[in-house]
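The values are calculated or read from the model by the stated rules, or taken from the named source; none is laboratory data. Computed from a prediction, not measured in an experiment: that's the story for all the values here. Here the Cβ positions follow ideal geometry from the backbone for every residue, glycine too, while neighbour counts run over all protein chains shown. Heavy atoms of the whole protein, side chains included, go into the accessibility calculation; ligands, DNA and RNA do not. Shrake-Rupley method; radii C 1.70, N 1.55, O 1.52, S 1.80 Å.
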Amino acid sequence: MPNISRDEVAHLAKLARLAVTDEELDVFAGQLDQILDAVAKVGEVAADEIPPTSHAVPLTNVFREDVVRPGLTQQQALSGAPAAEDGRFRVPRILGEEQ
């Protein structure tokens with residue numbers, strides 16, 4: 001017995017605003033039925049004693065040591081700016097006065 005009927009597929013298509021033909025309804029009903037069967041099988045296998053996982057194999061993050069390096073001075077950072085004011089980048093106002 002199928003999990004999803006042709007009428008349910010037509011209803012879903014209407015909700016999604018998809019124009020589908022009668023032939024497509026039959027094809028989609030079969031495909032969605034297979035998907036729902038696969039999801040049901042996964043639900044049968046999943047048990048409370050099996051912890052949820054995000055990866056099939058364990059992963060280990062590799063971090064590098066933080067090394068302090070010299071950065072730009074304020075003057076160097078602002079040297080390439082099209083406009084600067086009071087030691088900061090000057091940018092055009094994007095919000096109106098009503099804010």
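A cut-off of 5 Å between modelled amide H atoms, ignoring neighbours fewer than 5 places along the same chain, links Ala84 with Arg90. Counting only Cα atoms, the size of segment 1-49 along its three principal axes is 44, 20, 12 Å, in decreasing order.
Plainly put, the chain has a radius of gyration that is 1.37 times its Kirkwood radius, both from alpha-carbon atoms, as the Rg/Rh ratio.
Solvent exposure of the chain amounts to 98 Å² per residue of accessible area, where only protein heavy atoms count and the probe is 1.4 Å.
Note on Glu23 and Asp48: the model spin-label points, each 7 Å out from Cα along the C-beta direction, lie 5.1 nm apart.
Dipole magnitude for the chain: about 780 debye, using +1 per Lys or Arg Cβ and -1 per Asp or Glu Cβ, origin at the Cα centre.
Note on segment 1-87: dipole from Cβ charges, positive end direction compared against Pro70, Leu25, Thr53; the farthest Cα belongs to Pro70. The share of accessible area on the chain that comes from carbon and sulfur is 56 percent, using a 1.4 angstrom probe.
For the chain, the longest principal axis of the C-alpha atoms and the axis of helix 22-45 are separated by about 80°.
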